[in-house]
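What follows is one structure encoded as structure tokens, with my remarks underneath.
Every read-out reported here was derived from the displayed coordinates using simple, explicitly stated rules and does not represent laboratory data. Here the structure is a predicted model, which is why all the values come from computation and not from measurement. Cβ coordinates were reconstructed from backbone atoms using ideal geometry, including for glycine residues, and neighbour counts include every protein chain displayed.
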Amino acid sequence: MLRCRIIYRASNGVGQQFRVLMTATSYPLHEDDWQGLFIRKIADAMAESPVVDLSLWAPDGPRHADVGYACSVSDAKWLGELAQRGGIAHMLRTHPLAGVALGGGLLKRLRALYKARIDDVDIYHINWLQNALPLYGLNAKAVITVLGTDFKLLKLPGMVALLRRVMKTNRCVLAPNAAWMKQPLQQWFGDVATVAPVNFGIDESWYQLSCPPPGPTSHWLSVLRVTEDKIGRLFEWGEEIFSQDRQLHLIGPNQDNLEIPAWVKYHGSATARELAEKWYPMCSGFITLSEHSEGKPQVLLETMAAGMPIIASKIPAHEEVVSPGEHGYLVSSTLEFQRALDQLGDPEVHRQLSENCRQASHKEYGVWSDCLDRYLELYGMLT
């Protein structure tokens, strides 16, 4: 892949350095953990950059040797326990009172961290809007990654007004990972912050994969956290469509303990390595009928890089990634779902869409160092 690297130079000709403090409440706890994997990928890319000096405040897990760990022993233990409990969003959904208490504890710890580091940090790189609240009054420079789940936070009474107060006292760039989020964020915060969408990158290894066209027995893949919103209409629409000759393989943790129909071939969780080595080379297409509040699902970007056509529900997160007839199909009924599967059964249609997917991934997303270049532009703008 050909890439143009961005070099930052100050007015004196010396390369500009960025001292970055990144905060996140989700991070892989071990090598095969999927939680917050994109945080690790961004951190690793920063560690490889000669212009970034990175400190990371996140659950303790495998890190690049050049990433400084910013957590105290107490913070690391607290974040590890939070991760084991599924995170604050999960706790708010399942145990609201405990979730609120955890949220308060998080803000207290972040406030202490932000104040302590104000003189030795150029850029606060904050993941999730909730983690930006403790910046109030610090006059800091911050790039704030906004994900789909943040839109649930913004629905809480008074939350937009509270975040506006925070942004008025700092220089902030809101960096959603999907372009569809720009308009509402601009409407709420455009006068107090810059809104600049940033596409995530993709591991180079996904571009090396290939998926087969459907044969006499075809295999279709769905990778997600098994919750009601994520499953959407999949079980309902798929019941009359899938069989022994057209099989649906579902992979992911059953977080809501849903009853999974017998016709679904459910395999539980899988590591990224297992997906790449076993499931993607076996399956002909990817299916997601999610109704969940999504930003831009990373799994879809990796799927496109692997040259696998996608059948997806019509929600903004999918509409931004999948162009119907180019990368797959968007469906809103059982009939459209059936028709999309039939169309991808044509080997020539499958080949063309597979090629389109891979080309679009190279052009729009690239690899994680390309994602870092996009963030470096924002850092340079702030400093």
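From Cα pairs below 8 angstrom and at least 6 apart in sequence, can you work out the relative contact order of the stretch 204-364, rounded to a whole percent? Rounded, it is 27 percent for the stretch 204-364. GNM on the chain, alpha-carbon springs under 10 angstrom: the most fluctuating residue among V146, V322, V160 is V160. Largest GNM mean-square fluctuation across V173, V73, V143, computed for the chain with C-alpha springs under 10 Å, falls on V73. For the chain, the equivalent ellipsoid built from the Cα gyration tensor has semi-axes of 37, 24, 19 Å, listed from largest to smallest. For the chain, the relative contact order comes to 15 percent (Cα pairs under 8 Å, sequence separation of at least 6). Per residue, the convex hull spanned by the Cα atoms of the stretch 233-328 measures out at 115 cubic angstrom. In terms of the mean number of neighbouring beta-carbon atoms within 10 Å, the peptides 344-354, 229-239, 287-297 order highest first as 287-297, 229-239, 344-354. Could you check what % of the DSSP bridge pairs in the chain are antiparallel, to the nearest 5? Rounded to the nearest five, the antiparallel share is 0 percent. What shape does the stretch 204-364 have by the C-alpha gyration tensor, where a ≥ b ≥ c are the square roots of the eigenvalues, rounded means a/c under 1.5, and otherwise prolate means a/b greater than b/c and oblate the rest? Since a/c stays below 1.5, the shape of the stretch 204-364 is classed as rounded.
Helical content alone sets the calculated 222 nm signal of the chain at -11000 deg cm²/dmol, taking -39,500 (n - 2.57) per DSSP H segment of four or more residues and averaging over every residue.
Given +1 at the Cβ of Lys and Arg, -1 at the Cβ of Asp and Glu and no other charges, the dipole of the chain around its Cα centre is 1520 debye to the nearest 20. Looking at the stretch 18-107, the trypsin sites (Lys or Arg not before Pro) that sit in a DSSP loop and have at most 16 other Cβ atoms within 10 Å of their own Cβ are R85. Build a GNM of the chain with springs between Cα atoms under 10 Å apart, and of N127, N199, N254 the one that fluctuates most is N254. What is the diffusion coefficient of the stretch 106-208 in µm²/s, taking the Kirkwood radius over Cα pairs and the Stokes-Einstein relation at 37 °C with a viscosity of 0.692 mPa s? Answer from the Stokes-Einstein relation: 229 µm²/s.
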